[in-house]
Amino acid sequence: MAKPKNEQYEVDPCDGLPRGVVGAWSYDKHQRLKRYVYASHGARRKYRDDYGRETSFVDLYCGPGRARIRGSVPEEVIDGSALAAARIASTCTPYSRYLVGDLDPDLVMACSTRLRSLGISAIDPLVGPANKTANMAASKLDPRGLHFALVDPFNADLPFATIEALGSLAKMDQLIHFSIMDLRRNFQRMKDDGRLDSLAPGWQLAIKSTMSIDTQRMAIFAYWRSLLEKRLRYTVSDKIVKVRGPQGAEIYWLVLASRHPLAGRLWKEVSDLSPTPQREMFG
């Protein structure tokens, strides 16, 4: 039986593999992810059937593929992002391939094993930091195919190089986790230890010493968004989902970057989790 790595992971009694321990907000994130994967299946089908091209799902922070909601009573265990996407895609138009990566090889193995349990064989496991595996993923993908990447780190350690490498593919949409909580709590530390240079290269151009700290933080986000738009030629959806924790504090923002207007339109429609008949099918 595998041993858990730290307090973020534990052994799943169902299969002996590691599983994550996550906050309750992960449920809503997966609802949005599943709704987007479902809503975009027509585009995948067109690329597959009309153009004969590959469609891929990329998750370079995949974790073990299953997680327990922290503090849930009775205990609630959910799929990880890659498994959640795979299950819903199987009901409409499956992805051709799944590329799953993580820094920890045991987590990549667990996620890949669980994907195979769903009958998926086209899996590329990638081990290493995301800014390295992003280049590996980009080199493996059909350059004329249609791809979707979830870029979902645990914290503010999100190298822009990861987004840039994936963005080298013309038809790569990205749903990106931007850790606003870390930026607010650890702004000075991120400047000192170089994480801000990694997150938003050239961020110094965006701020002035006369700005308040809060204004500087928001200027960093605006500058990061401009890098997506000007440097990578993405369109960033105005629908930025602000994910909150149990006490109401914003934890992270979900940002959709794409190069086709359809993606942004779909994201606006599916990211609203107000009760609708469609929402019931993703429960």
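In the chain, the calculated helix contribution to ellipticity at 222 nm averages -10500 deg cm²/dmol per residue, counting -39,500 (n - 2.57) for every DSSP H run with n ≥ 4. Less than 5 angstrom separates the built amide H of Tyr61 from those of Gly101, Asp152, all sequence-distant by 5 or more or on a different chain. A Gaussian network model of the chain, with springs between Cα atoms under 10 Å, assigns the largest mean-square fluctuation among Ser212, Ser56, Ser121 to Ser212. Charging the Cβ of each Asp and Glu at -1 and of each Lys and Arg at +1, and nothing else, the dipole of the range 72-214 about its Cα centre rounds to 380 debye.
Only Lys, Arg, Asp and Glu carry charge here, each on its Cβ (+1 for the first two, -1 for the last two); on that basis the chain has a dipole of about 740 debye about its Cα centre. Here the Karplus relation 6.51 cos²θ - 1.76 cosθ + 1.60, evaluated at θ = phi - 60°, turns the backbone of the range 133-147 into coupling constants of 5, 4, 5, 4, 4, 4, 6, 8, 8, 4, x, 10, x, 10, 10 Hz, with x for every Gly and Pro. Restricting attention to the chain, lysine pairs at least eight places apart or on different chains and with alpha-carbon atoms under 18 angstrom apart total 13. GNM remark for the chain: springs join alpha carbons under 10 Å apart, and the peak mean-square fluctuation among Tyr38, Tyr95, Tyr47 falls on Tyr47.
Give me the number: length gained by fully extending Arg265 to Ala122, i.e. 0.36 nm times residue separation minus the C-alpha to C-alpha distance, one decimal in nm.
Here the answer is 48.5 nm.
I'd like the distance separating the alpha-carbon centroids of the range 83-121 and the range 219-234, in whole Å. The range 83-121 and the range 219-234 have Cα centres separated by 30 Å.
With contacts taken as Cα pairs under 8 Å at a separation of at least 6 residues, the range 173-254 carries a relative contact order of 38 percent. Each label point was placed 7 Å from the Cα along the Cα-to-Cβ direction; for Glu7 and Lys208 their separation is 4.3 nm. Taking a ≥ b ≥ c as the square roots of the Cα gyration tensor eigenvalues, the chain comes out rounded, since a/c falls below 1.5. Take the alpha carbon gyration tensor of the range 1-114, find the square roots of its eigenvalues, order them as a ≥ b ≥ c, and report rounded if a/c is under 1.5; if not, report prolate when a/b exceeds b/c, else oblate. In terms of gyration-tensor shape, prolate. Distance between the 7 Å Cα→Cβ label points at Lys46 and Val73: 5.1 nm. For the chain, a Gaussian network of Cα nodes joined below 10 Å ranks Val236, Val21, Val73 by mean-square fluctuation, and the top entry is Val73.
What is the sum of charges around Ile251, taking Lys and Arg as +1, Asp and Glu as -1, for the other residues whose C-beta is under 14 Å from the C-beta of Ile251?
Charge balance near Ile251 sits at +2.
Segment Arg244..Asp193, full-extension length gain: 15.7 nm, with 0.36 nm per residue of separation and the alpha-carbon distance subtracted. For the chain, the antiparallel share of DSSP beta bridges with both residues in that region comes to about 45%. The value of relative contact order for the range 13-81, using C-alpha pairs under 8 Å at least six residues apart, is 42 percent.
Since every read-out is calculated from the coordinates, none of them should be taken as a lab result. Everything numeric here is computed off the predicted structure, so don't read it as measured data. Note: ideal-geometry Cβ built from the backbone for every residue, glycine included; neighbour counts use all protein chains shown.
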